[in-house]
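The values are calculated or read from the model by the stated rules, or taken from the named source; none is laboratory data. Just so it is clear, the model here is predicted, and its values are computed rather than measured. Using ideal geometry, Cβ is built from the backbone for each residue, glycine included, and neighbour counts are taken over all protein chains shown.
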Amino acid sequence: MSDFNSPQKEEFAYWLAFNMLSGTGLGFRKIKLLYDHFQGLQGAWQAPIKELNVLPWLNPAIIERFNEQRKTIEPLLLLEKLLASGISAFPYVHEQYPYALRQIHDPPLILFVKGNLSICDFNHAVGIVGTRKPSSYGQKLAKSIAAELAKTGTLVVSGMAFGIDSLAHWGALSAKGKTVAVLGCGVDICYPATNKPLYKAIVEGGGAVVSEYFPGTRPQSWHFPARNRIISGLAPALAVIEAGLESGALITAKLAFEQNREVFAIPGRIDSATSAGTNYLIAKNTAHLFSSAADILEEMNWVSKNQQLGTTAMVTLQGREMEIYELISPEPVHFDYLIEKTGMNTGELSAILTILELAGVISRLPGDWYGREKR
């Protein structure tokens with residue numbers, strides 16, 4: 001958020017305000033419609049009721065609840081508190097907001113971050129989830145598979161809960177890899193509290209702790225099912241290590257399937273309660289059976305990061321070509337962002353982007369977004 005200029009910061013205050021609304025019926029889609037209609041959320045927040053009444057996607061009950069809550073929320077005070085906290089925050093429209101997460105049905109309006117999100121490669125990420133009470137079999141596999149993935153440069157995403165989540169984070173860290181934890185509370189709160197060493201290691205290891213909740217928000221039971229859609233939304237692949245039939249991991253697997261992610265599950269004994277969920281996913285063809293990190297990498301057509309980045313292509317890029325290529329790493333960026341960062345005119349930038357596309361090192365995505373080509 002430190003790269004915002006003053007008008008952007010003032011506008012962002014109203015993103016924070018909308019993010020604080022609760023029970024109004026204003027979900028992401030309606031807020032996005034308001035943003036488009038008023039060309040910003042400041043205008044939407046300050047709009048008179050008569051202007052809101054003519055909008056077909058808002059009914060009188062939603063407008064009444066919104067109007068009551070906006071009387072009690074101070075957008076600029078929220079911004080002041082956030083700036084004082086030192087925590088980064090990226091609204092949906094920010095270039096550092098992860099591209100994959102932007103594509104899900106109900107993405108977080110804002111992603112709050114403690115750590116370094118910009119160096120995390122979400123194009124090559126695997127969410128790892130499972131039971132909070134794994135067997136020795138699950139404990140061993142969670143840590144070893146996460147470590148194997150991390151060694152190839154794959155980002156490990158999980159929820160920092162007890163059990164499989166924590167083991168996956170530790171596995172990635174043991175291989176000196178990057179890992180991202182998604183919390184069901186503010187990122188300034190370590191939950192569970194006994195995971196403080198893990199929380200610290202994730203942030204200091206170059207990874208990040210992220211949440212859709214404003215700093216200071218305490219964990220609540222209903223936050224965690226909502227949190228699961230972010231775990232699956234951040235990664236192209238989700239691996240379920242061990243899970244019962246009623247576990248939150250199966251909810252995450254269902255969300256991943258609906259988000260068009262690849263789902264993987266490890267089989268287990270038919271008489272094991274902690275393998276009932278993974279066996280079910282495999283039996284219903286909802287998940288690929290896997291037993292190692294190599295199985296995921298092969299199915300996803302990923303290779304180790306050094307190969308994936310294209311060493312031969314890198315050395316042939318020169319001057320401004322290399323400058324543009326570096327700006328596109330590690331997440332897709334918009335054409336306007338490249339214009340701003342390089343100072344090039346439209347024609348010059350378009351020409352270089354075309355060269356990079358023809359070289360096979362980047363690809364153009366819908367809406368004038370550009371991403372590195374998977375190899």
Single residue of L250, L183, L198 found to be farther than 20 Å from K114 by Cα and not charged (D, E, K, R): L250
Set K50, K32: member being part of a helix (DSSP H, G or I) and over 25 Å from F335 (Cβ atoms): K50
Out of L338, L349, sole residue that is touching a strand residue (DSSP E or B) at 6+ places or on another chain (Cβ under 8 Å), part of a helix (DSSP H, G or I), at pLDDT 80 or above and not assigned by TED's automatic domain parsing to the domain that holds I119: L338
Residue match in segment 141-151 (condition: outside any helix (DSSP H, G or I) and over 17 Å from the mean Cα position of the chain (by Cα)): no
Candidate set from segment 1-23 (those that are at pLDDT 95 or above and not in a helix (DSSP H, G or I)); member that is surrounded by the fewest Cβ atoms within 10 Å (Cβ to Cβ): L21
Test result for G138, of a type outside the set (A, V, I, L, M), at pLDDT 95 or above and assigned by TED's automatic domain parsing to the domain that holds A235: no
Residues satisfying the stated conditions in segment 63-121, i.e. surrounded by 17 or more Cβ atoms within 10 Å (Cβ to Cβ), over 20 Å from the mean Cα position of the chain (by Cα) and basic (K, R): R70
